[in-house]
């Protein structure tokens with residue numbers, strides 16, 4: 001179950017340019033960053049733990065996104081589901097083109113969203129053994 005206060009919780013995902021996921025303190029299951037309860041035991045006693053930030057693309061889709069500001073054009077961007085090496089799946093943006101087949105390795109990078117926060121995006125790592 002996703003939290004209703006997603007933006008507040010989102011701010012804790014990227015601490016010091018380190019991707020944070022969650023671990024259930026009841027059963028030690030690793031979970032996606034925005035989960036409110038454990039999918040294995042339904043416990044809500046969760047802690048944030050660092051992720052290695054490496055995974056592979058499960059699914060991706062190129063979509064059009066409007067530019068901010070005066071330009072009313074549309075820009076293509078790639079959204080994806082990434083399976084982290086630790087196991088959890090995260091919904092994210094992919095920086096750059098995704099080759100076909102799309103199950104290629106990716107690594108988290110951080111992009112400024114405002115002066116106070118960095119948001120995680122994933123970049124394809126061609127030839128990267130992880």
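The values are calculated or read from the model by the stated rules, or taken from the named source; none is laboratory data. Owing to the predicted nature of the structure, the values given are computational and were not obtained by experimental measurement. Positions of Cβ are backbone-derived with ideal geometry, glycine not excepted, and every protein chain shown enters the neighbour counts.
Any idea which of (1) farther than 30 Å from residue 126 by Cβ; (2) assigned to a loop (DSSP other than H, G, I, E, B); (3) modelled with pLDDT under 95 is the one residue 16 doesn't satisfy?
Just one mismatch for residue 16, condition (1).
Any chance segment 44-51 includes a residue that's at pLDDT below 95 and out of contact with any strand residue (DSSP E or B) (no Cβ under 6 Å at 6 or more places or on another chain)?
Checked segment 44-51: no residue is at pLDDT below 95 and out of contact with any strand residue (DSSP E or B) (no Cβ under 6 Å at 6 or more places or on another chain).
Within segment 93-114, track down each residue that is part of a strand (DSSP E or B) and at pLDDT below 85.
111, 112
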